[in-house]
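Structure record follows, encoded as structure tokens.
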Amino acid sequence: MITKMTRRTTLQSMIALAGGAVAAKGISSSAFAQENLTGSGEVRVYKAGGVWGDAQQATFFDAFEKATGIKVVGIPYIDDGAIRASVLAGEPAYDVAGMDGALVDSYVEQNLLEQIDYSYFRPGDREDFSPIPATPYLVPSLFYSMIIAFDSRAFPDKAPQTWTDMWNVEQFPGKRAIADAGNNVVGSAVFEIALLADGVDPKSIYPIDFDRAFKSLDKLKPSILRYWTAGAEPPQLLTDSQVSVTSAWNGRITALKAKNVPVDLSWNQAVLQWEGWSVLKGAKNKENAMKFLAFVAQPEPQAKFSEMIEYGPPNHKAFSFLNPDRTARLPGNPDSFKTQLVQDYSFWGAKGADGKRNAEKALDLWREWVTR
């Protein structure tokens, strides 16, 4: 989800609509910050690519800076290994890093994170994170879903709706793309997707049967054009008609649909995922980092963010600031937990008898599979 793919024209119109919609509900998102979080200097924060990063800038970065006087410096994606190395070298790449939920335990074990100081938070905000809680080392930042996306020009009559359909290249012809698990084992969701495509009941996905998952992937492999590594790639592959079906993150596809690009998606069997904010050990602007987290934990700016891009807010009270139609389209809304597979980060972070985490085991297996 992390390279630059500018959609500023679309986003500017979305920002205007979102600002009006949220303001109409009487939200004053900066009042608490102006009274309690003011300061000086800067804070270095992970900034995503594309419409996600633009939405962060408008609803979190600019708003926080205006309310507090603290400058937010957006830092683009740096891979996990480089982040760990930067902390160990005493020069953290970020003050506030975007953190995959499956990685937090390993960062804590290696003493790479600061404990979050919740004394900066508005009373009640921490408790309002549900069903994924705010923890001593992680403040959830958003919900998103890995969905089935397709070129609607390729399927004018009947479109693929399930992962089994994506695997069915006879009925739904064309090249395929899936995320590269070597780039992000957990975020790619390829193992969950492969099992769903093979008919495994969502309730029985975990623990992952790796042998069955790779047998399923073997069936699709001849049709795979690209193992994508950045969220901007699937929409571009569809737009250019290089593939007809791909896995993708929902926000990237809905951003294209908003521009009337002929792409579409299916929510059926979507894999629900989430990310969070963490403060890296030795952060140069630690106090400002805590203030930033206190600001983005509030439901009001989260609601504005979710009005601009279809990623769900982790503070459940944010949904009260969103209209029902918008809420229904957001990952993480109360109903979505009934229809989507919620990714089990505890499984991916668990260690086996050999001391390796399941994510590490999967990475080794993937690298062997993808090169043969």
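Specify the residue that is least open to solvent (accessible area, probe 1.4 Å); the eligible residues are those in segment 54-73 that are under 27 Å from Ala230 (Cα atoms) and touching a Gly at 6+ places or on another chain (Cβ under 7 Å). Ranking the candidates gives Phe61 first.
Going by what's in this entry, would Thr9 be described as within 25 Å of the chain's Cα centre (by Cα), at pLDDT below 85 and part of a helix (DSSP H, G or I)? In short, yes. Set side by side, the residues Glu127, Glu170 differ, and just one is over 24 Å from the mean Cα position of the chain (by Cα) and either modelled with pLDDT of 95 or more or within 29 Å of Pro313 (Cβ to Cβ) (or both), which is Glu170. Only one of the numbered conditions (1) of a type outside the set (A, V, I, L, M); (2) assigned to a strand (DSSP E or B); (3) modelled with pLDDT under 95; (4) within 27 Å of Arg84 (Cα to Cα) is not met by Ser266, and that is (4).
When Ser241 is tested against (1) under 30 Å from Ser119 (Cα atoms); (2) in a loop (DSSP other than H, G, I, E, B), just one condition goes unmet, and that condition is (1). Among the residues of segment 100-132, those identified as open to solvent by 70 Å² or more (accessible area, probe 1.4 Å), assigned to a helix (DSSP H, G or I) and not small (Gly, Ala, Ser) are Asp105, Glu109, Arg126, Glu127. Looking at the structure I just gave you, is Asp335 acidic (Asp, Glu), closer than 23 Å to Lys203 by Cβ and open to solvent by 50 Å² or more (accessible area, probe 1.4 Å)? Judged against the criteria, Asp335 is a match.
If the condition is being in contact with a Phe, Trp or Tyr (Cβ under 9 Å, 6 or more places away or on another chain) and assigned to a helix (DSSP H, G or I), then segment 199-227 contributes Phe210, Ala213, Phe214, Ser216, Leu217, Asp218, Lys219, Leu220, Lys221, Ser223. Working only within segment 61-99, note down all residues that are of a type in the set (A, V, I, L, M), assigned to a loop (DSSP other than H, G, I, E, B) and over 17 Å from the mean Cα position of the chain (by Cα). Across segment 61-99, the qualifying residues are Ile70, Ala89, Ala93.
Whether any residue in segment 60-75 is among the aromatic types (Phe, Trp, Tyr), free of Cβ contacts under 8 Å to residues at least 40 places away in the same chain and under 30 Å from Val342 (Cα atoms) is what I want to check. Taking every residue of segment 60-75 in turn, at least one turns out to be among the aromatic types (Phe, Trp, Tyr), free of Cβ contacts under 8 Å to residues at least 40 places away in the same chain and under 30 Å from Val342 (Cα atoms). Residues in segment 144-198 that are of a type in the set (Phe, Trp, Tyr), part of a strand (DSSP E or B) and under 28 Å from Asp364 (Cβ atoms): Tyr144 only.
Against the test of being open to solvent by 10 Å² or more (accessible area, probe 1.4 Å), farther than 28 Å from Asp157 by Cα and in contact (Cβ under 8 Å) with a residue 12 or more places away in the chain, the options Gly182, Gly199 yield a single qualifying residue, Gly182. Only one of the listed residues (Ala283, Ala230, Ala289) is part of a loop (DSSP other than H, G, I, E, B), in contact with a strand residue (DSSP E or B) (Cβ under 9 Å, 6 or more places away or on another chain), closer than 30 Å to Leu112 by Cβ and in contact (Cβ under 8 Å) with a residue 24 or more places away in the chain. That residue is Ala283.
Taking the stated definitions as given, is Gln269 open to solvent by 10 Å² or more (accessible area, probe 1.4 Å) and touching a Ser or Thr at 6+ places or on another chain (Cβ under 9 Å)? Considered against the rule, which asks whether it is open to solvent by 10 Å² or more (accessible area, probe 1.4 Å) and touching a Ser or Thr at 6+ places or on another chain (Cβ under 9 Å), Gln269 comes out as yes. Pull up segment 223-255, narrow it to residues that are within 16 Å of the chain's Cα centre (by Cα) and β-branched (Val, Ile, Thr), then point me to the one that is farthest from Val186 (Cα to Cα). Looking at residues that are within 16 Å of the chain's Cα centre (by Cα) and β-branched (Val, Ile, Thr), I get Thr254. Filtered by the rule that a residue be open to solvent by 40 Å² or more (accessible area, probe 1.4 Å) and either under 14 Å from Ala189 (Cα atoms) or in contact with a Gly (Cβ under 7 Å, 6 or more places away or on another chain) (or both), segment 347-359 gives no residues.
The values are calculated or read from the model by the stated rules, or taken from the named source; none is laboratory data. Since we're looking at a predicted model, the values are computed, not measured. Cβ coordinates were reconstructed from backbone atoms using ideal geometry, including for glycine residues, and neighbour counts include every protein chain displayed. With ligands, DNA and RNA removed, areas are computed over all heavy atoms of the protein, side chains included. Shrake-Rupley method; radii C 1.70, N 1.55, O 1.52, S 1.80 Å.
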